[in-house]
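I have placed the structure first, in the form of structure tokens, so that the comments after it can refer back to it.
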Amino acid sequence: MVSPKADRAPLSFDVIIAGCGPTGAMLAAELRLHDVRVLVLEKDTEPVSFVRIVGLHIRSLELLAMRGLLERVAAHGRKRPAGGLFAGIHKPAPAGLDSAYNYLLGIPQPVVNRLLEEHAVALGAQVRHGCAVAGLEQDDEGVTVELAGGERLRSRYLVGCDGGRSTVRKLLGVGFPGEPARADTLMGEMEVGVPPEEVAAAMGRLRDTAHRFWLRPFGEKVYSVVVPAAEVGDRAVPPALDDFRRQLRAVAGTDFGVHSPRWMSRFGDATRLAEHYRVGRVLLAGDAAHIHPPTGGQGLNLGVQDAFNLGWKLAGQIRGWAPETLLDTYHAERHPVAADVLDNTRAQMELYSAEPGARAVRRLLTELMDFDEVNRHLTEKITAISVRYDFGEGHDLLGRRLPDVEVRQGRLYDLLHQGRGLLLDRTGRLSADGWADRVDLLADPTAGLDVPGVLVRPDGYVAWVGDDQRDLDGRLRQWFGEPAS
């Protein structure tokens, strides 16, 4: 809907982001690296009261390292090997994963939210809590956002990072096809009234048959408890302790004397993918663009990776140097990645079924994962280090992430803290002079780099490999626009 110019509020921001979860906060920080005026609107007035532990996978850890955030975030988490990720099948992580960050970082989600919001604010983003988007209108110059209280704000772009029930997506009318929830799972943290040995014995007895069930120690006498729910319910309404007791008895024959819950929630296995990530000046990211079961722990990671892909492209559009097609590559690159995640979570959920056929497939896959190639393929898929964007034919590195290799100045990722492109030149002949405001040059980077030259995008993916300056100029124009005059 287009509003008359006389009714339009003044353009106060370059980008308004709806939602200040990890995706929204990370996107705000990425935009601020390029001096984009950002306002983040968060409908909740206070952080969530419960402490859900999430896992940051290898690719997300790499991205945090690229912005100098990993050490700060890791100080609040607990590292464990990156194995046993696919459908909870207990296999060690394959040896020699091509990353300097070969672990899973378990960390409370409210801590991740707080750290990323603080990072965005420190870079100059504005965050307003208790502000819910109620309406939007876009035109050829910007987007007018109406808040629930009637206030109208205006920006050049709007990004919906407002979760699986996204108001922005619904206001846009973007389709969200997929499957509704067929099964719910209860999750919480609570104390148990039996000795640890009794809990461990039950877990050992049920490990091969009850795959959506566990009790894991989380501090003195406190356990993380997961158990199938009796039916699909309203996930906006937290379950009661009696729900946990009833389902624990149904699955394990005992309720373990659970009491004194810290928090309780339920999640479903709905799987949906937005038909479009962009409609004009409005874009979607994170759970607003895709939802899926939490098996494999990919949801938060997928959203943060959306933010890294979108941030520099949207900044380039606002700064005026982006090629005409650059912003459209956000959907072209991230939509297939999300579709793949949805498919692997569908497969994992089938493997959790207690049906004889599904159990037989699970046993077969458990055997196959003893082969390193199979285990490696599934681990790299879950951790997103196997993602390859389609940049056309070329070197095997093209479209892939570049690991954090050693360079003369230390580590490669240390050179990407400012969110700029990077040209690594071993020939001594390559140049990015016309793009010096967008791309840094590192001559003679490392003897370990076995190609003459590499152009790395701000999100760490390889945009070009070679030694021909004219070919390089074409790739620089493709990703970073025309050279400065």
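Since only VAL36, LEU64, ALA122 are under comparison, the one whose Cα sits farthest along the positive direction of the charge dipole of segment 1-146, derived from C-beta charges on Lys, Arg, Asp and Glu, is LEU64. Between LYS221 and ARG388, the simple spin-label model (points 7 angstrom out along Cα→Cβ) gives 5.4 nm. Summing +1 for each Lys or Arg and -1 for each Asp or Glu among the other residues whose beta-carbon sits under 10 angstrom from that of GLU380 gives +2.
Projected onto their three principal axes, the Cα atoms of segment 44-180 cover extents of 54, 39, 33 Å, largest first.
Going 7 Å from the Cα of THR45 along its beta-carbon direction, which residues of segment 125-140 have the amide nitrogen within less than 15 Å of the resulting point? Once the point is set 7 Å along Cα→Cβ of THR45, 128-132 turn out to lie under 15 Å by backbone N, inside segment 125-140. With θ taken as phi - 60° and the Karplus curve 6.51 cos²θ - 1.76 cosθ + 1.60 applied, the whole-hertz 3J(HN,Hα) list for segment 271-285 is 9, 9, 9, 4, 5, 9, 8, 9, 10, x, 9, 10, 10, 10, 8 Hz, x standing for glycine and proline.
When the Cα positions of SER265, ASN301, ILE291 are compared along the charge dipole of segment 257-333, SER265 comes out farthest toward the positive end, with charges on each C-beta of Lys, Arg, Asp and Glu.
Each of LEU368, LEU314 has its accessible area taken with a 1.4 Å probe; listed largest first, they run LEU368, LEU314. Could you state the angle between the C-alpha long axis of helix 241-252 and the longest principal axis of the C-alpha atoms of the chain, as a value from 0 to 90 degrees rounded to the nearest 10? With rounding to tens, the tilt is 70 degrees. For TYR223, the accessible surface of its heavy atoms amounts to roughly 20 Å² (probe 1.4 Å, protein chains only, rounded to the nearest 10). Once the Cα atoms are used to define both axes, helix 22-32 deviates from the longest principal axis of the chain by about 20 degrees.
Note on segment 227-337: Kirkwood hydrodynamic radius from all Cα pairs is 17.1 Å, rounded to one decimal. Counting only protein heavy atoms, what percent of the accessible surface of the chain is carbon or sulfur at a 1.4 Å probe? Answer for the chain is 50 percent, counting heavy atoms of protein chains only. Over all other residues within a Cβ to Cβ distance under 15 Å of LYS43, the charged ones net out to -4, with Lys and Arg as +1 and Asp and Glu as -1. If you plug the beta carbon distance of GLU373 and SER260 into 1/(1 + (r/R0)^6) with R0 = 51 Å, you get a FRET efficiency near 0.65. Across the cross-link table entries LYS43/LYS91; LYS79/LYS221; LYS79/LYS381; LYS91/LYS221; LYS43/LYS221; LYS43/LYS313, which are compared at the Cα atoms, the separations over 30 Å belong to LYS43/LYS91; LYS43/LYS221.
Neighbours of PRO261 by Cβ distance under 9 Å: Lys/Arg scored +1, Asp/Glu scored -1, total -1.
Taking 14 Å as the straight-line reach from the Cα of LYS170, the aspartates and glutamates in range (excluding those fewer than 8 positions away in the same chain) are GLU137, ASP162, GLU275, ASP287. Where (1) 35.9; (2) 30.7; (3) 24.0 are the candidate values, the label of the one calculated here for mean projected area of the Cα convex hull in nm² is (3). For the chain, the per residue solvent-accessible surface stands at 43 Å², with DNA, RNA and ligands left out and a 1.4 Å probe. In segment 247-292, inverting the average of 1/r over every pair of distinct C-alpha atoms gives 14.4 Å as the Kirkwood radius. Annotation: amide H-H contacts under 5 Å for ALA270 (H modelled 1.01 Å from N, sequence separation of 5 or more, or interchain): ALA181, ARG182.
Running Debye on segment 146-230 with equal point scatterers at the Cα sites and no solvent, what base-10 log of I(q)/I(0) appears at q = 0.11, 0.18, 0.19, 0.20 Å⁻¹? Each listed q corresponds, in turn, to -0.59, -0.85, -0.90, -0.96. The largest accessible area among HIS417, HIS292 belongs to the first residue in HIS417, HIS292, and the rest follow in falling order (1.4 Å probe, all chains). Its Cα centre serving as origin, the chain has a Cβ charge dipole (Lys and Arg +1, Asp and Glu -1) of approximately 860 debye. In the chain, excluding the sites themselves, the longest stretch lacking any of the trypsin sites (Lys or Arg not before Pro) that are in a DSSP loop with at most 15 other Cβ atoms within 10 Å is 222-407. The distance between label points at ALA358 and ARG249 comes to 2.5 nm (points 7 Å beyond Cα on the Cα→Cβ vector).
Mark the label point 7 Å from the Cα of ARG182 along Cα→Cβ and return the residues of segment 332-360 whose backbone N is within less than 17 Å of it. Taking a point 7 Å out along Cα→Cβ of ARG182, the residues of segment 332-360 whose backbone N falls under 17 Å are 342-360. Kindly express, to the nearest 10 degrees and within the range 0 to 90, the angle between helix 469-480's C-alpha long axis and the longest C-alpha principal axis of the chain. Result, in degrees: 60.
The values are calculated or read from the model by the stated rules, or taken from the named source; none is laboratory data. Predicted model, so just to flag it, every value in this text is computed and none were measured. Virtual Cβ from ideal backbone geometry, glycine too; neighbours counted across all protein chains shown. To get the accessible areas, we keep the full protein, side chains included, count just its heavy atoms, and leave off ligands, DNA and RNA. Shrake-Rupley method; radii C 1.70, N 1.55, O 1.52, S 1.80 Å.
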